[in-house]
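Enquirer: Shown below is the structure under consideration.
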Amino acid sequence: QFPDSFFDVAIGNVPFGQFKVVDRKYDKYNFLIHDFFFAKTLDKVRPGGIVMFITSSFTMDSKDAGIRQYIMDRADLLGAIRLPNTSFKDNAGTEVVTDILVLKKRDGSTEYAGEDFLNADYDYKNSSYVSNYFKEHPDFDMDYDDTFGEFSLDYLISDSEQPLSIED
């Protein structure tokens with residue numbers, strides 16, 4: 001049992017699942033396990049501390065903005081990257097779209113100053129909800145290539161002005 005505001009940094013891969021964790025402090029939020037991990041970790045990190053999590057795309061894309069509002073009430077989103085759905089195929093045997101979220105916890109008196117990521121709108125083209133954050137920042141979505149209208153990773157960002165081809 002670590003006290004709240006104990007850690008400077010928390011980095012992890014959030015567990016996925018359609019089940020809840022019993023914890024009296026968080027029961028009222030009705031969080032599934034991945035949302036619970038965000039909430040509990042934010043409480044354990046000190047104000048000014050950093051949380052960097054790999055999570056399913058559902059954290060950002062869910063129609064229900066509950067966990068995103070919970071996060072925004074406590075931390076600023078410094079940035080997010082959407083990974084290709086094949087990122088974990090070789091080592092975990094799964095094809096799932098995942099995001100890396102970087103958050104900075106605020107103290108209770110500081111207003112939100114991070115990126116807007118509260119809403120996700122229905123995307124009729126893909127028949128699913130998609131985070132407005134990735135619509136506003138398509139360069140951070142490595143899973144979608146709008147040029148061809150299909151999901152792919154066509155380039156990586158390098159230090160130069162020119163895209164770096166995967167073949168390079």
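The values are calculated or read from the model by the stated rules, or taken from the named source; none is laboratory data. Quick caveat: nothing in here was measured; it's all calculated off a predicted structure. Positions of Cβ are generated from backbone atoms using ideal geometry, with glycine treated the same way; all protein chains shown enter the neighbour counts. Keep in mind that these areas ignore ligands, DNA and RNA; they rest on the heavy atoms of the full protein, side chains included. Shrake-Rupley method; radii C 1.70, N 1.55, O 1.52, S 1.80 Å.
Enquirer: Could you work out the Kirkwood radius for the stretch 2-54, taking every pair of different alpha carbons, averaging 1/r and inverting it, reported in Å?
Expert: On the way: mean 1/r = 0.0870 Å⁻¹.
Kirkwood radius, the stretch 2-54: 11.5 Å.
Enquirer: Next up: Could you tell me the center-to-center distance, by alpha carbons, between the stretch 1-58 and the stretch 61-97 in angstrom?
Expert: 13 Å
Enquirer: Also, quick follow-up: Between F140, F88, F38, find the one with the highest GNM mean-square fluctuation for the chain; connect C-alpha pairs within less than 10 Å.
Expert: Per the Cα network of the chain with a 10 Å cutoff, F88 tops the list.
Enquirer: Over the stretch 1-59, what percent of the accessible surface lies on carbon and sulfur atoms, probe 1.4 Å? Spell out each step's value before the answer.
Expert: Working: 2120 of 3510 Å².
Roughly 60 percent, rounded to a whole number.
Enquirer: Let me ask another. Please figure out what share of the DSSP beta bridges in the chain is antiparallel and state it in percent, rounded to the nearest 5. It would help to have the intermediate numbers written out before the result.
Expert: Details: 24 of 31 bridges.
Among the beta bridges of the chain, antiparallel pairing accounts for roughly 75 percent.
Enquirer: Right, next: What list of ³J(HN,Hα) values in whole Hz, one per residue of the stretch 50-67 in order, does the Karplus curve 6.51 cos²θ - 1.76 cosθ + 1.60 (θ = phi - 60°) give from phi, with Gly and Pro shown as x?
Expert: With the stated coefficients, the stretch 50-67 comes to 10, 10, 10, 10, 8, 9, 5, 5, 5, 4, 8, 9, 4, 4, 7, 8, x, 5 Hz.
Enquirer: Now for a different question. If I model a spin label at K20 and D90 as a point 7 Å from the Cα along the Cα→Cβ vector, what separation in nanometres do I get?
Expert: Distance between label points: 4.1 nm.
Enquirer: Go ahead and estimate [θ] at 222 nm for the chain from helices alone: -39,500 (n - 2.57) per DSSP H run with n ≥ 4, summed, over the residue count, rounded to 500.
Expert: Taking each H run of at least 4 residues, the total per residue is -4500 deg cm²/dmol.
Enquirer: Now a separate question. Which stretch or stretches of the stretch 62-89 have amide N atoms under 19 Å from the point lying 7 Å from N119's Cα along the Cα→Cβ direction?
Expert: Label zone hits: 62-73, 77.
Enquirer: Normalise the Debye intensity by I(0) for the chain, one equal point scatterer per Cα, no solvent, then take log10 at q = 0.10 Å⁻¹ and round to two decimals.
Expert: After summing over all Cα pairs, the log10 values are -0.41.
Enquirer: Taking amide hydrogens as modeled 1.01 Å from N in the peptide plane, which residues meet the under 5 Å criterion relative to G79, leaving out close sequence neighbours?
Expert: Those qualifying (amide H under 5 Å, at least 5 residues apart or on another chain) are V102.
Enquirer: What whole-number value in Å² describes the accessible area per residue of the chain for a 1.4 Å probe?
Expert: 61 Å²
Enquirer: Counting only pairs 8 or more residues apart or on different chains, how many lysine pairs in the chain have their Cα atoms under 18 Å apart?
Expert: 12
Enquirer: Tell me the angle of helix 33-44 to the major Cα principal axis of the chain, expressed in degrees between 0 and 90 and rounded to the nearest ten.
Expert: 60 degrees
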